[in-house]
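I have placed the structure first, in the form of C-alpha cells, so that the comments after it can refer back to it.
The values are calculated or read from the model by the stated rules, or taken from the named source; none is laboratory data. Since we're looking at a predicted model, the values are computed, not measured. Methodologically, a virtual Cβ is constructed for each residue, glycine included, from the backbone with ideal geometry; neighbour enumeration extends over all protein chains shown. Areas reflect the complete protein model, heavy atoms only, side chains present, ligands, DNA and RNA absent. Shrake-Rupley method; radii C 1.70, N 1.55, O 1.52, S 1.80 Å.
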Amino acid sequence: MNLKQMEYFVAIVNEGNISAAAKSLHISQPPLSAQMKLLEDELGVVLFERGSRSIFLTEAGKIFYEKALHILHLTTAVSDELQQMGQGLKGPLHLGMISSVQTPRLIRALSSFVCLHPEVTLRISEGNTYELMDRLNSGLIEVAVVRTPLPAESYQCHFLEEEPMMAVGKPEFFPDTAAASISVASLASCPLIVYRRWEPFISHCFPGSAPDYLCINDDARTSMTWAQCGAGISLVPASMANSGSPDLLKIPLSDKGVISRIALIARKHGMVSRVSREFFQFFPEYFAQNKGKN
C-alpha cells in the first residue's frame with residue numbers, strides 16, 4: 001500500500017466511478033482498476049462494489065476513505081511546511097465552523113488573518129459541533145470554531161466571552177412583550193423551537209417535566225428560520241438572535257447557566273500545519289484586542 005494508491009482510491013470515491021476518476025487523474029482505466037485490485041488484495045477486504053454507473057463503498061471502504069484522507073492531508077501539510085521554511089505563511093487553513101458562529105465579528109477575524117497572510121486560503125467545512133469534532137478526530141480539519149457545551153478536556157480550547165441565550169419569535173407568542181428578560185419556565189405553554197444540543201439544559205429549567213417542544217433540530221439557523229416564519233419561539237444564542245429581522249421580538253433568558261460560548265478547538269497534539277498553529281494563536285489575541293466590538 002502506498003500514497004499513490006490512496007490518492008487513486010480517494011479520486012474514485014470523489015468522482016463516483018472509476019472512469020471519471022481515470023480522466024481526472026489523466027490515466028487510463030485498466031491500470032487504475034488494477035491498482036485498486038492490488039490494494040484490496042493487500043488489505044484483504046473489498047473497498048467498494050461496482051454499480052452500472054457508480055461505485056458503492058463497503059463499510060471497510062468508508063473507514064479506509066477517512067483514513068486515506070487523513071494520511072494524505074498529513075503528507076501535504078508536512079511537505080508544505082518544509083517548503084515554507086524561511087518563507088512567509090501560506091497554504092490552506094482547514095477550518096470547521098458551525099452555522100451559529102458565522103457572525104460579522106468572526107468573519108472579520110478570519111478576514112484579518114488572511115490580510116496578515118495573503119497567501120493563506122480558507123477551506124471551511126460546515127457541520128454541527130459533533131460532526132466537526134469527528135472531523136477533527138479523523139484529521140480532516142485541524143481547527144474548528146464551535147459552541148459550548150463540548151468536552152473541553154479532550155481538546156485544546158480558546159473560549160470567547162459568555163453570551164446569553166435569547167427567546168426569539170413573533171411578539172404574539174410572548175406572555176410579556178415588555179419584559180427585560182424572561183425565564184424558560186414562563187414559556188412552557190408557548191410553541192418552543194430548540195436546538196438539540198441545548199435541549200437538556202433547557203429542559204432542566206422547568207420545575208417539572210419539560211413540555212412537548214414544537215421542534216427539536218440540529219442547526220441554529222433552522223431554529224431562526226422557524227421563528228422568522230412565525231412558527232413559534234426559538235431559543236438561540238444572542239449573536240444568532242441578533243441576526244434576525246427587526247419584526248422579531250428578542251428577549252434574553254434569565255435562567256442561571258443558560259449561556260453559550262464560542263470556542264476554537266483543536267486536537268491535543270493534533271495541529272500539523274504551520275497555518276493552523278498560527279491561527280490558533282491569532283484567534284484569542286484578535287478577540288482580546290477587539291473586545292466589546294460587535
>> Looking at region 199-222 only, could you name the residues that are within 25 Å of I107 (Cα to Cα) and either of a type in the set (K, R) or touching a Leu at 6+ places or on another chain (Cβ under 7 Å) (or both)?
In response: R221
> Can you name every residue in region 122-146 that is touching a helix residue (DSSP H, G or I) at 6+ places or on another chain (Cβ under 8 Å) and assigned to a strand (DSSP E or B)?
Replying inline: L122, S125, E126, V143, A144, V145, V146
> Of the residues P200, P237, which is closer than 25 Å to S112 by Cβ and not polar (S, T, N, Q)?
Replying inline: P237
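Here is a list: L192, L160, L214. Which entry is open to solvent by less than 50 Å² (accessible area, probe 1.4 Å), free of Cβ contacts under 8 Å to residues at least 60 places away in the same chain and of a type outside the set (G, A, S)?
Working: L160 fails: free of Cβ contacts under 8 Å to residues at least 60 places away in the same chain; L214 fails: open to solvent by less than 50 Å² (accessible area, probe 1.4 Å).
The conditions single out L192.
What number of residues within region 199-210 are assigned to a helix (DSSP H, G or I), in contact (Cβ under 8 Å) with a residue 40 or more places away in the chain and farther than 22 Å from E172 by Cβ? Walk me through it before giving the result.
Going residue by residue through region 199-210, those that are assigned to a helix (DSSP H, G or I) are 199-203.
Applying the additional criterion that residues be in contact (Cβ under 8 Å) with a residue 40 or more places away in the chain yields 201-202.
Filter again for farther than 22 Å from E172 by Cβ, leaving 201.
The total comes to 1.
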>> If I ask for residues that are within 18 Å of T222 (Cα to Cα) and of a type in the set (G, A, S), which ones from region 126-151 would you list?
In response: G127
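One line per residue, one yes/no per condition, for (1) among the small types (G, A, S); (2) at pLDDT 90 or above:
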residue	(1), (2)
D247	no, yes
A266	yes, yes
E278	no, yes
A288	yes, no
K291	no, no
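Here is a yes/no grid of residues against (1) out of contact with any His (no Cβ under 9 Å at 6 or more places or on another chain); (2) hydroxyl-bearing (S, T, Y); (3) touching a residue at least 60 places away in the same chain (Cβ under 8 Å); (4) within 30 Å of A220 (Cβ to Cβ):
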site	(1), (2), (3), (4)
S19	yes, yes, no, no
P30	yes, no, no, no
E42	yes, no, no, no
V45	yes, no, no, no
S52	yes, yes, no, no
L95	yes, no, yes, yes
S100	yes, yes, yes, yes
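Quick check on my filter: what residues within region 125-157 are hydrophobic (A, V, I, L, M, F, W, C) and exposed (fewer than 14 other Cβ atoms within 10 Å of the Cβ)?
Of all residues in region 125-157, those hydrophobic (A, V, I, L, M, F, W, C) come to 132-133, 136, 140-141, 143-146, 150, 152, 157.
Once the filter is applied, which keeps residues that are hydrophobic (A, V, I, L, M, F, W, C) and exposed (fewer than 14 other Cβ atoms within 10 Å of the Cβ), region 125-157 yields only A152.
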